[in-house]
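The values are calculated or read from the model by the stated rules, or taken from the named source; none is laboratory data. Predicted, not measured: the structure shown is a model, and the values here were computed from it. All Cβ positions, glycine included, derive from the backbone under ideal geometry; neighbour counts span all protein chains shown. Only protein heavy atoms, including side chains, enter the accessible area calculation; ligands, DNA and RNA are left aside. Shrake-Rupley method; radii C 1.70, N 1.55, O 1.52, S 1.80 Å.
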Amino acid sequence: MYGSKVKKGLISLAVVAALGLGAQAHAQTATPAQGEAQAAALKTCLSKAVTPEDQRLIVRYVFFMMARHPDVSRYAAISQAERTALDRDVGTMMTRLMVDQCGNEIREIYKNGNQTVVENAFGEAFSSVGERGMEDLMAHPDVQTASMGFVTYMDMNKVVKLFLPK
């Protein structure tokens, strides 16, 4: 699904910007078990820290990003002011999550010079947040109705024949 590319785009930029320059200068060597434990601690922290409003914000951000694709951009009228406001809100959310709520966990990984662990933990945590957000989005009655609009145009006679013995 889109989760892998979204996490690389959204999370990697923030993490690389925050950690990229000095990680190796302060690096200590962590064992693989320590790295896994630190990644698990970060994932747990992020899972607990992300609020339902954060989930909705992430879904909107993903929609805004997808709306930039040439195949669908003509269907979404999003002003530059709306894009800027959403970028600001996501930036504020990411700062809160990375500094205020999960800073200790990120700092521990940083001390070991393991930027990849941070990126992967963020990616996995936000992938599950995105999945939960999409589930909520798809559960809305208007969305469910819209998602079945194509059924009107299916040739049900052909579909039924698929299940009949030959």
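The ASN104 and THR51 beta-carbon pair, evaluated with R₀ = 25 Å, returns a calculated FRET efficiency of approximately 0.85.
Partner aspartates and glutamates whose Cα lies under 16 Å from the Cα of LYS111, excluding those fewer than 8 positions away in the same chain, are identified as GLU36, GLU119. One chain, two ends: ARG68 and ARG83. Fully extended at 0.36 nm per residue, the span grows by 4.3 nm beyond their Cα-Cα distance. When TYR75, TYR153 are compared by accessible area at a 1.4 angstrom probe, the order from most to least is TYR153, TYR75.
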